[in-house]
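Visitor: Here it is, the structure in full.
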Amino acid sequence: MKKILTIVAAAMAFGLLAGCGTTKVAGSGIKAKAPRLTTGTTEILDYQGRELGGEVPQWVVDVANGNYGEAVLGKVMPDLKNKKPFVTIGYGDNLDFVRQWTDLVDVETEVTSTLSRVAAKAVQATMEGQAAAKGMTADPATMEKNMNMYRASLSNVRITGLEKVAQYWILSQVVDGKKVVQQPKYSYYVVWAIDRDLFSKHIDVAMAKIDETTTEDKELKAMVNAKLKSQMGVASNDKTVTDAADVVYTNDPVVYGE
């Protein structure tokens, strides 16, 4: 699956001619004149807009490489100005099925679930870091208590105001010589956006319920609050994608995607 995720970016190295993107953004240079692009053992068989001479938009390349942040996508998607992005990614051998999961997903619920999950992981990473700085080990019971507190707080917040910005699909397969080792599968990407100020208000509502009795509690709350406001995540029907996103999400001290 990782090969499929990285294939679009790798194909760029072939220096294909650039053109207009299919979503009015900078294009990636992958055009319909070469519908099958071979890069190593992965082949792109088809993609949205190929029959009309379009090319794979740059934002798709970025998302396929795991760059879901505003700092990256904002450069090639004007509609993200002053907004926070959220990405849903679906995989499968049936385009209608994948499109249905990705397009019709309850995105508000997915955002809430992602924030709740990542907040818990951020709590763990922060508490372990605080303890390590003192030459100690974080108390498992206290850590679990805090993780559950943040999970509950985030899961009870209703995220509103999300709008779809763009969607795109690609069909690819993996081959070994002339033998197909992974049957053709569709990758379907959707970018959603929410007003930055509105999103911050949602987070403030959640954070207001968090206890901050001690100095460490206050530091923990400030860290999680900052991460949730400066970063957004990804939802996918492939757990390896969300797990990989969470690793960067919880460990990167700067705005995700920069």
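Visitor: Six or more apart or on different chains, Cβ under 8 Å: which pairs go from a residue in the range 169-191 that's buried (at least 22 other Cβ atoms within 10 Å of the Cβ) to one that's polar (S, T, N, Q) and not in a strand (DSSP E or B)? Could you list them?
Guide: I170/Q48; Y186/N94; Y188/T102; Y189/T102; V190/T102
Visitor: Look through the range 91-143, keep the residues that are among the polar types (S, T, N, Q) and either buried (at least 19 other Cβ atoms within 10 Å of the Cβ) or touching a Leu at 6+ places or on another chain (Cβ under 7 Å) (or both), and return whichever of them is farthest from W169 (Cα to Cα). Write out each step before concluding.
Guide: Within the range 91-143, the subset among the polar types (S, T, N, Q) is 94, 100, 102, 109, 112-114, 116, 124, 126, 130, 137, 142.
Restricting the remaining residues to those that are either buried (at least 19 other Cβ atoms within 10 Å of the Cβ) or touching a Leu at 6+ places or on another chain (Cβ under 7 Å) (or both) gives 102, 112, 114, 116, 126.
Details: T102: 11, T112: 25, T114: 23, S116: 28, T126: 37 Å.
Among them, the one singled out is T126.
Visitor: I need a count of the residues in the range 109-154 that are aliphatic (A, V, I, L, M), over 27 Å from D204 (Cα atoms) and not in a helix (DSSP H, G or I).
Guide: Initial filter on the range 109-154 (aliphatic (A, V, I, L, M)): 111, 115, 118-120, 122-123, 125, 127, 131-133, 136, 138, 141, 143, 147, 149, 152, 154.
Now restrict to residues that are over 27 Å from D204 (Cα atoms): 132-133, 136.
Subsequent filtering for residues that are not in a helix (DSSP H, G or I) retains 136.
Residues in the range 109-154 being aliphatic (A, V, I, L, M), over 27 Å from D204 (Cα atoms) and not in a helix (DSSP H, G or I): 1 in total.
Visitor: Consider only pairs whose beta carbons are under 7 Å apart and that are at least six residues apart or on different chains; among these, list those whose first residue lies in the range 218-238 and is at negative phi and whose second residue is open to solvent by 40 Å² or more (accessible area, probe 1.4 Å).
Guide: Sorted first by the residue in the range 218-238, then by its partner, the pairs are K218/E212; K221/E212; S230/V255; Q231/V255; A235/E110; N237/W101; D238/M1.
Visitor: Ok, one more. Looking at M232 and the list (1) modelled with pLDDT of 80 or more; (2) in a loop (DSSP other than H, G, I, E, B); (3) within 17 Å of the chain's Cα centre (by Cα); (4) not basic (K, R), which single condition is not satisfied?
Guide: (1)
Visitor: Turning to a different aspect of this structure: Pull out all pairs, ordered by first then second residue, where Cβ-Cβ is under 6 Å, the residues are six or more apart or on different chains, the first lies in the range 154-168 and is touching a residue at least 60 places away in the same chain (Cβ under 8 Å), and the second is crowded, with 19+ Cβ neighbours inside 10 Å and assigned to a loop (DSSP other than H, G, I, E, B).
Guide: Correct list of pairs: A166/T23; Y168/Q48.
Visitor: Can you tell me which of K185, K178 is under 20 Å from the mean Cα position of the chain (by Cα) and over 25 Å from E70 (Cα atoms)? Outline the logic, then answer.
Guide: Details: K178 fails: under 20 Å from the mean Cα position of the chain (by Cα).
Result: K185 is the single residue among K185, K178 that is under 20 Å from the mean Cα position of the chain (by Cα) and over 25 Å from E70 (Cα atoms).
Visitor: Taking into account only those residues within the range 155-168 that are among the hydrophobic types (A, V, I, L, M, F, W, C) and either outside any strand (DSSP E or B) or open to solvent by 50 Å² or more (accessible area, probe 1.4 Å) (or both), which is modelled with the highest pLDDT? Don't jump to the end; show me each part of the working.
Guide: The first filter runs over the range 155-168 and keeps only residues among the hydrophobic types (A, V, I, L, M, F, W, C), leaving 157, 159, 162, 165-166.
Filter again for either outside any strand (DSSP E or B) or open to solvent by 50 Å² or more (accessible area, probe 1.4 Å) (or both), leaving 157, 159, 162.
Working: V157: 83, I159: 85, L162: 89.
Among those residues, the one meeting the criterion is L162.
The values are calculated or read from the model by the stated rules, or taken from the named source; none is laboratory data. Computed from a predicted structure; not experimentally measured. Every residue, glycine among them, receives a Cβ derived from its backbone with ideal geometry; neighbour counts consider all protein chains shown. Areas reflect the complete protein model, heavy atoms only, side chains present, ligands, DNA and RNA absent. Shrake-Rupley method; radii C 1.70, N 1.55, O 1.52, S 1.80 Å.
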